[in-house]
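For reference, the structure discussed in these notes is given below.
All of the numbers you see were taken from the coordinates with simple rules; none came from a lab. Nothing here was measured: the structure is a model prediction, and the numbers come from that model. Note that each Cβ is placed from the backbone with ideal geometry, even for glycine, and that neighbours are counted across all protein chains shown.
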């Protein structure tokens with residue numbers, strides 16, 4: 001007889017294997033490349049809570065997140081600086097927790113695509129010249145580029 005933990009264990013193993021491949025040769029991942037794995041982790045944690053064991057909505061959204069990671073929609077080797085955490089993260093979590101499974105099925109893919117688009121649009125390419133000599137702050141030019149000023 002399958003326990004409530006068996007599907008979670010399978011999903012967690014699938015996510016772990018995907019992340020090991022995604023971050024294979026990367027010592028220090030960028031924040032941009034960590035948002036999708038973080039999303040998967042939050043949803044895996046949800047699945048480990050007794051009221052949510054094997055909740056299909058969470059599995060559907062995790063599936064879309066893993067697909068985005070496997071397709072490298074956010075390249076983990078591109079040195080990008082995330083300027084703002086994507087607001088669509090909250091939408092993805094709310095959607096995964098929604099009890100209307102038809103709605104989750106309909107929107108999961110486009111929600112994760114939207115999150116990837118936000119991550120891409122809110123990230124700037126890192127260059128050594130963007131940091132001050134002491135490497136503790138961004139230069140004025142980098143702030144302008146990031147629209148911080």
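Modelled this way, with points 7 Å down the Cα-to-C-beta line, the labels at residue 91 and residue 28 are 3.3 nm from one another. With R₀ set to 22 Å, the beta-carbon distance separating residue 72 from residue 9 gives a calculated FRET efficiency near 0.30. For the pair residue 113 and residue 54 in one chain, pulling the backbone fully straight at 0.36 nm per residue adds 18.9 nm over the alpha carbon distance.
Taken along the Cα-to-beta-carbon direction at a fixed 7 Å, the label points for residue 45 and residue 16 span 1.8 nm. Going 7 Å from the Cα of residue 121 in the Cα-to-Cβ direction, what parts of the stretch 62-95 have a backbone nitrogen less than 17 Å from that spot? Correct set: 74, 82-92.
Cα-based values for the stretch 5-145, radius of gyration first and Dmax second, are 16.8, 53 Å.
The simple Förster model, with R0 at 30 Å and r as the Cβ-Cβ distance, assigns residue 105 and residue 38 a FRET efficiency of 0.85.
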